[in-house]
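To start, the structure under review is shown below, and the notes come after it.
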Amino acid sequence: MSDVVEKTLTALPSLLSLDSQPGSAKLSSTAKLGNLIRGITELTSKHEEEKLIQHELASIKEQVSSPNTTMRQMRELMVRAVYCEMLGYEASFSYIHAIKLAQQGNVLEKRVGYLAVSLFLNESHELLLLLVNTVLKDLQSTNLIEVCMALTVVCQIFPKDMIPVILPIVEEKLNHPKEIIRRKAVLALHKFYLIAPNQVQHIHNKFRKALCDKDPGVMTASLHIYLQLIQENAEAYKDLTASFVTILKQVVGGKLPMDFNYHSVPAPWLQIQLLRILSLLGKNDQRTSEVMYEVLDESLRRAEMNHNITYAILYECVKCVYTIHPKSELLEKAAKCIGNFVLSPKINLKYLGLKALTYVVQQDPKLALQHQMTIIECLDHSDVIIKRETLELLFRITNAQNVTVIVEKMLDFLRLSKDDHMTIDIVGKVAELAEKYPFKHYSTMNAVFSLGGDMMQPEIPNGFLKLLSEGFDSEEEDRKLRLFAVSSYISLLQGEPSKLPQRFLQVICWVLGEYSFLKEDLEPSVVLGLLTKLLDMKSSSSETKSWVLVAMTKLCWSEAAVSEAQQVAETYSSSFDTTLRQRAQELQHLSRDSQLHSRVLPPGGRLEPDEVVDSSLSFLDGFVSEALSAGAAPYKPLHQRQEELSRSKVLSLEPYGLSLPISTSSCSITDRQSPTLLSTSSGLSGDGTDFSHRGSSTTLRLDGVKRVWGREGYLAQKKPVEEVAQVEVPSPLRSPSQQGDANSCRSKTPTPTANPECDQEKQQLASSLFGGLSSQSSVCLISGAAKMVNIQRFRRKAKGQRSSSTTNEQRANPTVSSASAVDNLLCNNLLEADTEPINSSAKQTFQHPHSLSVANGACDAEAILTDGDPKERNQPLSSEDFVEADDSPPREDQERSKDSCLTPHLPAELSGFSHSEIIPLCSSQSLDLSACHVQTDNSVVLVVFITNTSEDANLQIQVFCVCESPVEEVRGRSVSVRQYSLTVKMPLVHFELVGMLSYSIPAGMPQAMMQFSYKLPLTSFIRPLTVSTEEYGSMWLAFSHDTKQNLTLIKEEREPLTATLNALNKKLSLHVVEIIGVEGLVACSLLQDQPCLMHCRVHAGRLAVWLRSPVPDLPDCLLYHCQRALQEP
Amino acid sequence: MMRFLLLFSRQGKLRLQKWFTPITEREKKKIIRDMTTLVLARQPRSCNFLQWKDLKIIYKRYASLYFCLAVENQENELLALEVIHRYVELLDKYFGNVCELDIIFNFEKAYFILDEFLMGGEIQETSKQMVNRSIEASDMLQEDDSSEWYEVELFG
């Protein structure tokens, strides 16, 4: 072919390539690939395809290794090799050639070379090292396209250890005049930050420059990095909030070039990124949140077009509004938005609506009530994903009333589920619920084990067995439960045991081994017979078999059983499985020697281990101190090392919130969605320890969830007295229907006229699912002017609380609940209440969480009322001193004046002790609630002041802090004082006490509720512990929980150790036992009985602190406060 | 962040794969198998989202081709759906009325377009014009490196 033609052809963009091999037909590259593809599609069997591809690969291999192959041909060959790999055939011979092509080819060939490399190799492939030089060269190329390609490949695939080689050049690119290069460089740095964060620490200020780049594209790219950084440490970036808000304002206002629009929505990706950043910054931070209210409002308003992308923005907006510090207007708008999602006919939007609800119900369970019918519909949706999401939502609103129905729904789902992952997840949830509401525990767990099969997490059977062996409250009940388990397992084994999952069989074996003696009419030999059957089953795994043998070992104490056991042991003592062989040996020996058997495995008794494990390894102390004095660095646990590392790389030295490891117990929705989703833990498990609520608690347990907003934040202005009055006199239109409700309640049939469109079945389901949900919004149904009926547990919103609720809804809800069989009890209540009006001043029956719950996760503080009667001291209040608190945080001087005005109300016996500042907790129009804590010698007393601010109206109050207190009256302009003594169950860095106040103004009128929380640090509970050095020494060895860390030493010339210890002493009230040279011994205790020892040593200009205590977590928590005490000037 | 993007046909044949995080070959094969079975088994009128292990899978069918994007759990599903849509629009603009065959026969082009659109698992450029201009400029490059004027067009 002539040169002229060839040139003409190559001038056409990348279309033709000529095969220069002598004799072969001249074909264009695309034609060759095309032939291959066509050849494959014509084939009918997998076998033929394999043959063809192997042939193709052989031909490619031959050509690539030929020295005559040009780069252009190589490019075409690489494309074919990539295609073969995509079909699942390995072409590893071509990897090196791909690298060569990237190295030597011209720009067009290079591009294919890089593409092939990034598709062929993964990050750890050794050939990748050969690419480093090429990338380095291309990064420095004058050809911009080459630079772009190099940056792209760096983002896609680059060996981690080689990052330092190219980092300076990539950094340089941040100053490149071309926008596209800067943008790619920022993205490359983001990638580096993700895979090797330590290496880009020093360029944080350059990220800031990228954020301020004049080109919006570069700025957008830098947000990826900022999102990451802020996720890790929001505190350090609070100063950027205003900038982010400004950017979002500009974007929302359409100030960006048209290029950024997507379906005429301005830069949606950028908007969403900013919203996510803002929600991280505004979380638990009122001041920062206030900066963003306006722009969030704007975003909610602007996004009105009916397109997916606007819904995406809205969804993110709603999440942001519910994450940051609450603002009622925004919350209302966001709630309305969620409604749009949930009610949308589009299934994708419905799905997101459910997700949003799941996110939001933790803060506002009433929102789920509004959409109960939609939720019920979704529960029966044909799409399993929607169903699953609905279950997730229901899981979050589970309470003692609806748990049975919800668990039933979950089990139904499990019966149909085919997806392993979902099964594991749901099984975990059911097990968690079963553990939390144990009245149905046993039978639920049977279903869990048989449905969950062998996929469930091993913690579930373990936890179940632990619970069974440790027992619940009463001995008798435990016995019954175990007996029940034994009988039902026996009958299961008599059925078809081969159908049961292995895990379940193992559980059965253990239970039979431990507890079958409880069933008196059951011969051990019968059990042994059943167990032997398991051994003979083909489907039994060897793990199960060893469980069987262990169970047999426990059972072989009777004559009849021994011979059978011997036989089995005989068979398995020659098994190939060593574990099985060992178990068989044990069985053999123990069944022969009945004395030994009864000593090792006493029948009916639980073996108490008499070996004490010294978990602190105190016998090594001598060795450790020797090594330390020889200059060895003190050991730091892994978490501490990581923490120090992460602390050293951020600008701020202030740890963010609860940065200690124990803070993981506080859960949020993001925790739940972490990659370890598999585990059963969830936001609701945070309160796993408070079994004290078992059964009695009818409200939603949300203790594990940080309350971002309280009633006073959202509803406070919505329930002033006028509106309560509105409720008192029901409109004539409404009252008949309500009376109808009451009637229907009595006859226990729904009133069809009230809501004809909902069918009865669904209503029943709804009422059983959503029962107990609205107990927070206590409701009074008023059927006559003077009558007051107390039905708090009815799921009905207080009228007038929400302006958005329509009359229709209000009318429908009671009907629904009255139809419920579950609510029978309540109906009776209502019946009684209806026939004999409750004396308005009588004590109300409330179903609220009675104990003082602790908001930050693991339950830990228990308060005890100091004596039977609360200290009640109704005193007139001087009117001019009083400052009326409003919703906005009171100014400092207001606080001070309040402090001084409430101080005289402190109980006399506490006046000798120092009290903390009196903090206003919450307030309504007629009532103010403040509190402080007083540290006495042996306790901490929480003093709550309830101030009636109204002029004349008497106030009837009831405080649920710890336990129900009697109802009392507070006259106008007077203060009631309650005091609670606090003890610590489990140490935490900060404790948050949550209580509830119900009140009615004037006495006898409908009740209103106020929730309050009070935070106090661990240090309030710390007291000095006076011990001698000898006592200290012996205590030190006895304590098992410890932690070590280096703290900063106070800079002072002569006695830095003494100065530091004094400083600690002043802030934490510790007792310095002795100072010996560079070492100091310090002792303190958590209130009276939980000591903690501290050993300090000056080492290399730092204070090496070693804390030990018999109480878990106490050293960690105390260390946190020591750190804080020394950081503060 | 995005984790991977797969394109496969109604018969479950893989057409394009992009992995944004390092994954071993064995895992890749398993994921591809899982994705095709999961997505192809979905009933019509189901939602476009799936949960798979700790990832969210967002898929959408365009004619005979399924686009399947895996994102991390905290990501916005609707936005991911729009990422897919924008990619399809980009392909459409480049090929002009794109069909599955275009992608089969020019899969490397589809990769190049994707690389201009997404980078390291994040959105890089959302403008159709800009992505297209980059791709076309690279396509037009000649054997000899005297291509200054293309650069002017691309970056100017």
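The values are calculated or read from the model by the stated rules, or taken from the named source; none is laboratory data. Small disclaimer: the values here were computed from a predicted structure and weren't measured. Cβ atoms come from the backbone with ideal geometry, glycine included; neighbour counts cover every protein chain shown.
Below is a table of values for the structure above.
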{"read-out": "Candidate set from region A:959-993 (those that are in contact with a helix residue (DSSP H, G or I) (Cβ under 7 Å, 6 or more places away or on another chain) and farther than 30 Å from A:Leu1068 by Cα); member that is modelled with the lowest pLDDT", "value": "A:Arg973"}
{"read-out": "Check on A:Ser222, assigned to a helix (DSSP H, G or I), out of contact with any Lys or Arg (no Cβ under 9 Å at 6 or more places or on another chain), more than 9 Å from chain B (Cβ to nearest Cβ) and at pLDDT 90 or above", "value": "no"}
{"read-out": "Some residue of region A:398-405 being in a helix (DSSP H, G or I), farther than 21 Å from A:Gly463 by Cα and touching a Ser or Thr at 6+ places or on another chain (Cβ under 9 Å)", "value": "yes"}
{"read-out": "A:His589 in a helix (DSSP H, G or I) and modelled with pLDDT under 80", "value": "no"}
{"read-out": "Subset tally (residues that are buried (at least 17 other Cβ atoms within 10 Å of the Cβ), touching a His at 6+ places or on another chain (Cβ under 8 Å) and part of a loop (DSSP other than H, G, I, E, B)) for region A:1018-1077", "value": "2"}
{"read-out": "Of all residues making up region B:20-34, the number that are touching a Gly at 6+ places or on another chain (Cβ under 9 Å), under 23 Å from B:Phe117 (Cα atoms) and not in a loop (DSSP other than H, G, I, E, B)", "value": "1"}
{"read-out": "Qualifying position, being of a type in the set (Gly, Ala, Ser), surrounded by 18 or more Cβ atoms within 10 Å (Cβ to Cβ) and over 28 Å from A:Asp536 (Cα atoms), among A:Gly428, A:Gly452", "value": "A:Gly428"}
{"read-out": "Tally, over region A:187-201, of residues that are of a type in the set (Val, Ile, Thr) and more than 14 Å from A:Glu171 (Cβ to Cβ)", "value": "1"}
{"read-out": "Scope region A:250-295; condition assigned to a loop (DSSP other than H, G, I, E, B) and over 19 Å from A:Leu331 (Cβ atoms); matching residues", "value": "A:Gly253, A:Gly254, A:Lys255, A:Leu256, A:Pro257, A:His263, A:Ser264, A:Ala267"}
{"read-out": "Which listed residue, of A:Asn348, A:Asn402, is at pLDDT below 85 and crowded, with 19+ Cβ neighbours inside 10 Å", "value": "A:Asn402"}
{"read-out": "Helices (runs of 4 or more DSSP H) completely within region A:296-376 that count 2 or more residues being within 12 Å of another protein chain (Cβ to nearest Cβ)", "value": "A:308-323, A:347-360"}
{"read-out": "Breaking point among (1) buried (at least 19 other Cβ atoms within 10 Å of the Cβ); (2) within 10 Å of another protein chain (Cβ to nearest Cβ); (3) touching a residue at least 12 places away in the same chain (Cβ under 8 Å), for B:Thr21", "value": "(1)"}
{"read-out": "Filter result (more than 9 Å from chain A (Cβ to nearest Cβ) and not in a strand (DSSP E or B)) within region B:112-127", "value": "B:Ile113, B:Leu114, B:Phe117"}
{"read-out": "Filter result for the condition that a residue is within 11 Å of chain A (Cβ to nearest Cβ) and surrounded by fewer than 20 Cβ atoms within 10 Å (Cβ to Cβ), over B:Lys109, B:Lys93", "value": "B:Lys109"}
{"read-out": "Residue in region A:195-208 that is modelled with pLDDT under 90, part of a helix (DSSP H, G or I) and within 14 Å of another protein chain (Cβ to nearest Cβ) present", "value": "yes"}
{"read-out": "Filter result for A:Val550 (in a helix (DSSP H, G or I), surrounded by 21 or more Cβ atoms within 10 Å (Cβ to Cβ) and hydrophobic (A, V, I, L, M, F, W, C))", "value": "no"}
{"read-out": "Output for region A:123-162, where each listed residue is assigned to a helix (DSSP H, G or I), facing chain B (nearest Cβ under 10 Å), farther than 23 Å from B:Arg3 by Cβ and β-branched (Val, Ile, Thr)", "value": "A:Ile145"}
{"read-out": "Residues (within 14 Å of chain B (Cβ to nearest Cβ) and either of a type in the set (D, E, K, R) or in contact with a helix residue (DSSP H, G or I) (Cβ under 8 Å, 6 or more places away or on another chain) (or both)) located in region A:163-180", "value": "A:Ile163, A:Val170, A:Lys173, A:His176, A:Lys178, A:Glu179, A:Ile180"}
{"read-out": "Qualifying residue in region B:41-57 (condition: touching a helix residue (DSSP H, G or I) at 6+ places or on another chain (Cβ under 8 Å), assigned to a strand (DSSP E or B) and within 25 Å of A:Ala267 (Cβ to Cβ))", "value": "yes"}
{"read-out": "Selection count, region A:96-122, where residues are in a helix (DSSP H, G or I) and surrounded by fewer than 20 Cβ atoms within 10 Å (Cβ to Cβ)", "value": "5"}
{"read-out": "Selection count, region B:62-81, where residues are surrounded by fewer than 23 Cβ atoms within 10 Å (Cβ to Cβ), free of Cβ contacts under 8 Å to residues at least 12 places away in the same chain and either in a strand (DSSP E or B) or aliphatic (A, V, I, L, M) (or both)", "value": "0"}
{"read-out": "Some residue of region A:1021-1041 being basic (Lys, Arg) and in contact with a Phe, Trp or Tyr (Cβ under 7 Å, 6 or more places away or on another chain)", "value": "no"}
{"read-out": "Of all residues making up region B:40-57, the number that are touching a residue at least 24 places away in the same chain (Cβ under 8 Å) and over 24 Å from A:Asn122 (Cβ atoms)", "value": "3"}
{"read-out": "Verdict on A:Pro168 being modelled with pLDDT under 90, outside any loop (DSSP other than H, G, I, E, B) and out of contact with any Phe, Trp or Tyr (no Cβ under 7 Å at 6 or more places or on another chain)", "value": "no"}
